[in-house]
1. Provide the net charge surrounding B:D62, with neighbours chosen by a C-beta distance below 13 Å and charges set as Lys +1, Arg +1, Asp -1, Glu -1.
2. Over 19 Å between C-alpha atoms is what I'm after, so list which of A:K6/C:K129; A:K69/B:K69; A:K36/C:K27 land there.
3. Using a label point 7 angstrom from Cα along Cα-to-C-beta, what distances in nm, from shortest up, separate B:S57 from the other copies?
4. Using the 7 Å Cα-to-Cβ label point, sort the distances from B:I7 to its equivalents in the other copies shortest first and give them in nm to one decimal.
5. Once you keep just the Cα pairs under 8 angstrom separated by 6 or more residues, what percentage relative contact order results for chain A?
6. Can you name the residue in chain C whose Cβ lies closest to the C-to-B rotation axis, and give that gap in whole Å?
7. What is the helix-to-structure angle for C:57-70, meaning the angle in degrees between its Cα long axis and the longest Cα principal axis of chain C, kept from 0 to 90 and rounded to the nearest 10?
8. Once R0 is set to 22 Å, what does the formula 1/(1 + (r/R0)^6) return for the Cβ-Cβ distance between B:S127 and B:S23, expressed as a FRET efficiency to the nearest 0.05?
Amino acid sequence: MTVFSKIIQFQTEGEIDIIDLTSEFSKIVSDSDIKKGILSANVIGSTGALTTIEYESRVLDDFREILHKLIPKGAGYKHDKIDSNAHSHLRASIIGPSISISIQNGIMQLGTWQQPVFVCLDVRPRSRKVAVNVIGE
Amino acid sequence: MTVFSKIIQFQTEGEIDIIDLTSEFSKIVSDSDIKKGILSANVIGSTGALTTIEYESRVLDDFREILHKLIPKGAGYKHDKIDSNAHSHLRASIIGPSISISIQNGIMQLGTWQQPVFVCLDVRPRSRKVAVNVIGE
Amino acid sequence: MTVFSKIIQFQTEGEIDIIDLTSEFSKIVSDSDIKKGILSANVIGSTGALTTIEYESRVLDDFREILHKLIPKGAGYKHDKIDSNAHSHLRASIIGPSISISIQNGIMQLGTWQQPVFVCLDVRPRSRKVAVNVIGE
């Protein structure tokens with residue numbers, strides 16, 4: 001049993017930029033040399049989230065739209081008096097900060113149309129970090 | 001420290017079929033012989049989700065209803081032009097693809113009225129897979 | 001590789017009490033003596049949830065408000081015929097029961113304004129439990 005740790009860093013382009021992390025995660029699994037175990041990842045920061053989705057431009061647009069509809073920007077939030085991103089925090093906390101993915105036979109056990117993604121919920125382009133660990137043997 | 005891996009496969013009956021995974025997960029923990037550690041599980045596919053809920057028929061109906069209300073089917077989604085399940089993807093990504101459960105004294109640390117469930121969000125019956133790992137000693 | 005297990009127990013003050021778990025989790029990481037690995041935690045019970053948020057009173061109020069708006073109390077739920085907390089279950093299942101946090105150099109990899117929290121969604125003060133494991137080396 002070993003553990004392999006890494007911080008991924010990347011630039012986002014602004015509100016609800018959705019970053020496909022498949023190749024980054026695959027490289028980390030490969031570098032870890034772990035064939036059986038889990039990959040666990042969490043966002044560093046409170047205005048981003050991790051989930052999986054089909055990385056297809058139309059469903060990504062639908063995802064942006066439903067977030068705008070469910071948790072609208074600037075809807076009289078108290079936090080907006082000190083910052084302008086209350087909705088970013090709310091969306092992030094509901095989607096969630098972490099995911100874990102099974103590794104079996106050296107491969108992440110995900111569907112063909114299922115990609116792990118970072119959802120940038122903040123209101124401006126930012127440098128973002130995701131912490132990743134692979135644990136197994 | 002060891003890791004025990006398994007793919008669970010089962011048939012769902014259609015939209016918002018909710019499958020209680022307690023007995024499958026308990027068997028995996030028992031088969032793993034791990035007394036202290038975690039069970040980590042993720043959906044394979046982008047139209048299913050994992051969470052916990054009280055597996056009681058009325059609250060399950062309420063859960064179906066709130067998903068229909070929050071993320072309605074066929075609400076003009078772009079992805080529906082190429083498929084008919086945009087709402088399935090959106091619901092899955094918001095609920096989330098993975099959960100982890102503590103194992104202490106050989107038992108999953110869950111409440112009496114708390115069951116781990118697979119939520120089938122796709123629009124038709126399907127064969128579904130959940131990848132499970134138990135890590136510990 | 002080792003695993004360190006713990007049950008945290010605390011009292012909540014009622015509906016949407018939000019408990020900052022940072023110091024409890026930090027102590028567990030420190031006690032585990034694990035420098036590289038993950039902390040995995042799950043709620044024991046089906047009317048609480050775990051996530052991360054900026055622990056700032058205004059954004060916490062906004063979080064309470066958005067939950068009341070998205071999943072209102074007493075909105076004709078079937079489960080309310082046998083209990084009065086259908087909305088508590090629905091909110092808990094959508095936010096999610098578990099989170100995992102990377103540990104690198106002996107420190108949880110979280111943002112400065114990002115705190116792991118227990119969200120009490122039940123309708124009355126309760127004694128609550130969170131199961132925590134640290135796995136790594």
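1. Values: positive: B:R58, B:R64, B:K69, C:K73, C:K78, C:K81, C:R91; negative: B:E54, B:E56, B:D61, B:E65, C:D80, C:D83.
After counting each charged neighbour, the total is +1.
2. A:K6/C:K129; A:K36/C:K27
3. Label-point separations across copies, in nm and ascending: 4.8, 4.8.
4. 3.6, 3.6
5. Numbers: 279 pairs, mean separation 74.8, N = 137.
The value is 55 percent.
6. Looking at chain C's Cβ atoms against the axis toward B, the nearest is C:M1, 2.
7. Rounded to the nearest ten degrees, it is 50.
8. Working: r = 19 Å, r/R0 = 0.86.
That gives a FRET efficiency of 0.70.
Read the figures in this text as sums done on the coordinates, not as results from a lab. As the structure is a prediction and not an experimental result, all values here were calculated from the model. Reconstructed Cβ throughout: ideal geometry from the backbone, glycine too, with neighbour counts over all protein chains shown.
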